[in-house]
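I'd like to ask you about the structure that follows.
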Amino acid sequence: MSLFKLGKVHVPHRKNTAEAIPVRMPAPAQVSISMLHHIGAPATPVVKPGDKVYVGTLVGEAAGYVSSPVHSSVSGTVKKIEKTLVSAGKEIDSVVIESDGEMTPDPDLRVPEITDFASFSAAVRASGLVGLGGAGFPTSVKLDAIGKGIIKRLVLNGAECEPYITSDTRTMVEKSDLLREGVELLCRFCDFEEVVFGIEKNKPEAIAKLKDVFADMPKVRICPMPSTYPQGGEKILIYNTTGLVVPEGKLPADVGVIVMNVTSLAFLASYVKTGMPLVEKVITVDGSAIASPANVIAPIGTSLGEVIEFVGGTSCEIGKILLGGPMMGVAVWTDAHPVLKTTNAITVLSERDAAPPKSTACIHCGRCVSACPMGLQPTYFARALNISDKREMCERLEDEKIGLCIECGCCSFVCPAKRPLVENNRLAKAAVREYKTSTAAAGKKGGDK
Amino acid sequence: MDKQLVISSSPHIRSTASTSRIMLDVIIALVPTTVMGVLLFGIRALAVIAACVVSAVLGEFLFNLIAKKPQTVGDLSAVVTGLLLALNLHADVPIWQCVIGSLFAIIVVKCLFGGIGCNFANPAITGRIFMTLCFTASVGGGASLAFGKPEVADLTTSATPLELLSKESDALPSLLDMFLGFKSGAIGEVCGAAILLGFLYLVIRRVIHFEVPLIFVGGVFVLSLAITGNPLVSLYHVLSGGLLLGAVFMATDYVTTPITRLGKMIFAFGCALITVLIRFYGTYPEGVSFSILIMNILSPYIEKWTLKRPLGGAEK
C-alpha cells in the first residue's frame, strides 16, 4: 500500500446512471462488425455474403498472436464485407450482417472444457475477450504471463474514474457473484498472494457489495481509492493499490502484477459457464446532449445513432460523439460508427460543449506539472516539440520521458490557458516513433553499402 | 447524418480555470490593500494607481497593435502589473514618473520578451527597481504624505522603523500601527492586515501555494532573529518595507518563479536570505525587490534541479 496516492485531479463525476439498471435494446436491423477492436492485428473474415449466422457464430478469426477472434452479435444473414474507416485512420474489414430479429444463439456453441492452463488459455482466446476497460488488449495474451509463473498479484480495475461512465459500477453491483467465480477461476491457475479490487470511493454500493461477497476470501482485498482522476490508469492503479512501480518500458507482469477490468473478469466467468463469446456490451449513454441518460445492453456492431435513439435521443443539437468518456474518449465523425468490444460508454456533447476552447500563452503556473500522475513536465514537451532539429527534438523528448505519458488528459484539463498539452504529447510520441523508424531505416541502408 | 461533428483530441472537458480568472483573483486579493492605501494616503494615492494601471494596459494594447500581435489585454495581467507597481510606490510620486515606470515594466520587461508567460523577471518588481534607480527621491521606504510630515526624504537616507528602533526613537510606530498601516511607506506596503486578507483569499482560491509567502516571511523573521537575537526587532523587520506585499503577490508570480513546488519553496527561501543580507549588510535599507529579481534570474536553474522524478523513469 502506498502512503501518497497518485492522481489527484478533480474532474466532475456526473455519474447520473449509477443506479440505472442496464436495459437490453431490441435486435437492430443490421450490424456492422469491425474486425479490429484493439491494438494488434485485425481479425480475418471467415464468412462470405449470404452465409447464415447466429449470435456467437465466428465471423473473423484471430490473425496472429496479438489478435482476437470476432463473433456475430445477431442472428441473420451476412450482407457484405466492406472496408470501413476506423478512428486510428486505417481502413479495416467490417462484416455487415442483416438481422432476422430472432437473436437465435448459435446451436453449435459449447461450454469450453477447461482442464489445465493450456485449455483455459485457449478458451479465453476463443471467447474473443479484449480488455474492456478501454485499451482492448487481447486478454489471452495478457493472461499468458500466468503460465510463465511470474504473477503474484491480481489487481482488478473497478476505478471507473471517467466522468459519466457507470457500466463497471453496474457490473460490480449486479454481477458480484460472477466476479467471485472469476476470481476463483483465475486462482485455479495461479497462486496469487493477493487479489485487490481498486474502486473509487464514489461507488460505496459496489465497495459494500464486494466486501460482502469476498468476506470469506482472506487473500481478496477491496481497496477504496480517492475519487480523483485518473485512478483507473494502469500504472496509477497498481501504485495506489499495491505500492509497486512499473518501470519505464516494462509491463505490469514484470513486477508480478496482472491488471484486469472488472467487466472483463465478469465476462470471463460467464463465458466458461455458457460458452457465449463477447457479442454485447453494457454501455452508458450520457452527456450534455442526451435527454435521459441510461445504461443499455447493445449488440456489438450496432450503430451509435441507434443506441442513442433507443435511450430517447438528444435534447439539443449534437456537437460531438465520443466512444468512451470525456477525458480519454475518442471523438467519432458519424453516428453510423458501430459499437466496438471496447465501447463502455457513448458520450454525446452539445454543440456548446463540443467547441474546442481558445488556447492562449502558457503562464508557467505549474498546474500541469502538479496534475501529471506520472511525474512528467507537460509544458516541457510542448517546448521540445518546437525544436526544428529533428534529432535534438527527439533526444530532448526522450530525456523528458515522453514515453511515460499515459495520455490521461490531466494536463490539458487543468490548464488555465487551455493549451492542447496531451495532444502535443501524442504528436511528440509520433514524432519520436517516426524519427526512430527513419534513422533505423537509414542505418540499415548505410549498412548495406 | 449530414451534420459535421466536431473531431478533436481528448480530453473533451476542461476545468473552469482560466488565465483571466486567475488575474481577476489577484486583483480581488489586492482590493483590501488598494482600499487601505487610498484611505491612508488620500486621493493622491488613487491618482498614482490610476496612472500606473492605465499606462500599463494602454502600453500593452499599443504594443500589440504596433507589433501586430494578438491582443492580450483581456487576460487582465497588465492590470495586475500596473496595480502592483502602483502599490509599490509612494503616494507623492509625480504622475509622469508613474507612467514611465509602468511603460517600462510592461513594454521592456514583459512585451519585448514575448508577452505573458515569456518574461524572465517580474515586471512590477523590475519597474519599481527601474524607478528606484532613476527617481531615487520618490520611491520606496521614504516619508508618507498623509501621515508624518511631508518631507521629501531620499531613499537611501530616510529613517526606516528599523533605524529608529535601534536609536530608541519616539518616532517608532507601535507594532499594531505597523500591522494596520499607520506608518510611512509605499501605498500598498504599509497595511499588513490588508495584505493578509489578500493572502488568505488567494490560498482559498488555490491561486497560490501558502508555502511561498510563509517561507519568505518566516525566513526573514528567523534570519533576522539569528542576526539580532531580538524577536521584537525581527517582528519589525517582517512588518516593514515591502516584505509582505512582495512575499504574497510578487514572489508567487507564476511566470518568473520555478514551475515545481519544491522549486518555489527554494525560491522563497532564497528571497528571504537575500532580503536579510541586503537589509543588514547592504547599502540599501530595503532588499525585497532586489531579492525577488535576483531569484527570478536563478529560477530556471532552481526549476531544473527540482524537477519531479517520473514514475518508474529509467536512469540514463
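A short reminder: the numbers here are calculations on the coordinates, not readings from a lab. Note that the coordinates shown come from a computational prediction; the quantities given were computed from them, not determined experimentally. With ideal geometry, Cβ positions are generated from the backbone for all residues, glycine too; neighbour counts draw on all protein chains shown.
Residues with amide H under 5 Å of A:Arg221's amide H, sequence separation 5 or more or different chain, H placed in the peptide plane at 1.01 Å from N; which?
Amide H to amide H, under 5 Å and 5 or more residues apart or across chains, A:Arg221 pairs with A:Val195, A:Val196, A:Phe197.
Sort region A:128-274 into rounded, prolate or oblate with this rule: let a ≥ b ≥ c be the square roots of the eigenvalues of the Cα gyration tensor; rounded if a/c is under 1.5, and if a/c is not under 1.5, prolate when a/b is larger than b/c, oblate otherwise. Each step should come with its number before you reach the end.
Working: a/c = 1.33, a/b = 1.10, b/c = 1.21.
The shape class here is rounded.
Straight distance only, please: which lysines reach the Cα of A:Lys211 with their own Cα at less than 17 Å, same-chain residues fewer than 8 apart left out?
Counting by Cα, and skipping residues close in sequence, A:Lys211 has these lysines nearby: A:Lys175, A:Lys201, A:Lys203, A:Lys219.
Now for a different question. Show me the trypsin sites (Lys or Arg not before Pro) within region A:324-417 that DSSP assigns to loop and that have at most 12 other Cβ atoms within 10 Å of their Cβ.
A:Lys358
Counting other C-beta atoms within 10 Å, and keeping those with at most 12, which DSSP coil GluC sites (Glu not before Pro) do you find in region A:15-114?
A:Glu19, A:Glu102, A:Glu113
If one puts a single equal scatterer on every Cα of region A:115-185 and applies the Debye formula without solvent, what log₁₀ I(q)/I(0) results at q = 0.18, 0.19 Å⁻¹?
Debye curve over Cα of region A:115-185, log10 I(q)/I(0) at q = 0.18, 0.19 Å⁻¹: -0.86, -0.95.
Can I ask one more? Using the Karplus equation 6.51 cos²θ - 1.76 cosθ + 1.60 (θ = phi - 60°), what ³J(HN,Hα) coupling, rounded to whole Hz, does each residue of region B:72-84 give in order, writing x for Gly and Pro?
Coupling constants for region B:72-84: 10, 5, x, 7, 6, 6, 5, 4, 4, 4, x, 5, 5 Hz.
Take chain B, drop everything but the C-alpha atoms, weight them equally and run the Debye formula without solvent; then report log10 I(q)/I(0) at 0.06, 0.15 Å⁻¹ to two decimals.
-0.21, -1.20
Can you sort A:Asp106, A:Asp177 from fewest to most other Cβ atoms within 10 Å of each residue's own Cβ?
Ordered from fewest to most neighbouring Cβ atoms within 10 Å, A:Asp106, A:Asp177 come out as A:Asp177, A:Asp106.
Something else about it: From zero outward in steps of 10 Å, how is the percent of C-alpha pairs of region A:377-426 spread across the bins?
Percent of Cα pairs in each bin: 27, 54, 18, 0.
All other residues with a Cβ under 15 Å from the Cβ of B:Glu189 taken together, and with Lys, Arg as +1 and Asp, Glu as -1, what is their net charge?
Taking every Cβ under 15 Å from that of B:Glu189, the sum is 0.
Quick one: A:Tyr54, B:Tyr301, B:Tyr284, fewest Cβ neighbours within 10 Å first, how do they rank?
Lowest to highest Cβ neighbour count: B:Tyr301, B:Tyr284, A:Tyr54.
Taking the Cα centre of the protein assembly as shown as origin, sum charge times position over the Cβ atoms of Lys and Arg (+1) and Asp and Glu (-1), and report the length of that vector in debye to the nearest 20.
The calculation lands at about 1040 debye.
From Cα pairs below 8 angstrom and at least 6 apart in sequence, can you work out the relative contact order of chain B, rounded to a whole percent?
That works out to 17 percent.
Could you give each residue of region A:323-332 its phi-based ³J(HN,Hα) in whole Hz, using Karplus coefficients 6.51, -1.76, 1.60 with θ = phi - 60°, and x for Gly or Pro?
Result, rounded to whole Hz: 8, x, x, x, 7, 10, x, 9, 6, 10.
Could you compute the net charge surrounding A:Phe192? Neighbours are other residues with a C-beta less than 15 Å from the C-beta of A:Phe192; K and R count +1, D and E count -1.
+4
Give me a comma-separated list of calculated 3J(HN,Hα) values for region A:173-187, in order, Karplus coefficients 6.51, -1.76, 1.60 applied at θ = phi - 60°, integers in Hz, x for any Gly or Pro.
Computed from phi, the couplings for region A:173-187 are 7, 8, 10, 5, 5, 5, 4, 4, 4, x, 5, 4, 4, 5, 5 Hz.
Right, another one. Distance between the C-alpha centers of region A:95-114 and region B:1-79? Whole Å please.
63
Further question on the same structure: Can you tell me the Rg and Dmax of region A:359-400, counting just the alpha carbons, in angstroms?
Values for region A:359-400 (Cα only, Rg and Dmax): 11.3, 30 Å.
Averaged across the residues of A:413-419, what count of C-beta atoms belonging to other chains lies within 10 Å of each residue's C-beta?
Working: counts 7, 4, 5, 13, 7, 5, 0.
Partner Cβ neighbours, averaged per residue: 6.
Further question on the same structure: Quick one: work out Rg over Rh on the C-alpha atoms of region A:242-368, Rh as Kirkwood radius.
Details: Rg = 18.7 Å, Rh = 17.2 Å.
On the Cα set of region A:242-368, Rg over Rh gives 1.08.
So what's the gap between the Cα centers of region B:258-316 and region A:290-341, to the nearest angstrom?
Region B:258-316 and region A:290-341 have Cα centres spaced 51 Å from each other.
Next question. In percent, how large is the relative contact order of chain A, given Cα pairs closer than 8 Å and 6 or more residues apart?
17
Right, something else. Obtain the nm distance between the two label points defined at A:Lys250 and B:Ser174 by a simple spin-label model: each point lies 7 Å from its Cα along the Cα-to-C-beta direction.
6.6
Under 15 Å Cα to Cα from A:Lys358, which aspartates and glutamates show up? Leave out anything in the same chain fewer than 8 places away.
A:Glu423, B:Asp75
Moving on. Per the Kirkwood formula on distinct C-alpha pairs, the Rh of region A:223-275 is how many angstrom?
12.7
Which loop GluC sites (Glu not before Pro) in region A:142-203, with loop taken from DSSP, have no more than 15 other Cβ atoms within 10 angstrom of their Cβ?
Passing both the DSSP loop test and the Cβ count: A:Glu193.
If amide H atoms are built 1.01 Å from N in the plane of the peptide, which residues on other chains or at least 5 residues away come under 5 Å of the amide H of B:Tyr254?
Sorted by chain and number, the residues that satisfy this come to none at all.
Another question about this same structure. I need the Kirkwood Rh of region B:159-307: take the reciprocal of the average 1/r across all distinct C-alpha pairs and report it in angstrom.
This gives a value of 15.5 Å.
Moving on to the next point. Can you list residues whose amide H is under 5 Å from B:Leu89's amide H, if they're 5+ apart or on another chain and H is modeled 1.01 Å from N?
Counting only residues 5 or more places away or on other chains, the set is B:Ile187, B:Gly188.
Give me P(r) over chain A, computed from all C-alpha to C-alpha distances, binned every 10 Å, as integer percentages.
All Cα pairs considered, the percentages come to 4, 20, 30, 28, 15, 4, 0.
For the protein assembly as shown, how big is Rg over Rh, using alpha carbon atoms and the Kirkwood form of Rh?
Ratio of gyration radius to Kirkwood radius for the protein assembly as shown: 1.08.
What number comes out for the charge environment of A:Lys429, summing +1 per Lys or Arg and -1 per Asp or Glu over other residues with Cβ under 13 Å away?
Charge balance in the 13 Å sphere: -1.
Let me spell out the model: positive unit charges on the Cβ of Lys and Arg, negative unit charges on the Cβ of Asp and Glu, origin at the Cα centre of chain A. What dipole size does that give, in debye rounded to 20? Please list the in-between numbers first.
Working: 50 positive and 49 negative charges, 273 e Å.
Once rounded to the nearest 20, the dipole reads 1320 debye.
Could I ask something else about it? Would you mind ranking A:Lys250, A:Lys320 by Cβ crowding within 10 Å, fewest neighbours first?
A:Lys250, A:Lys320
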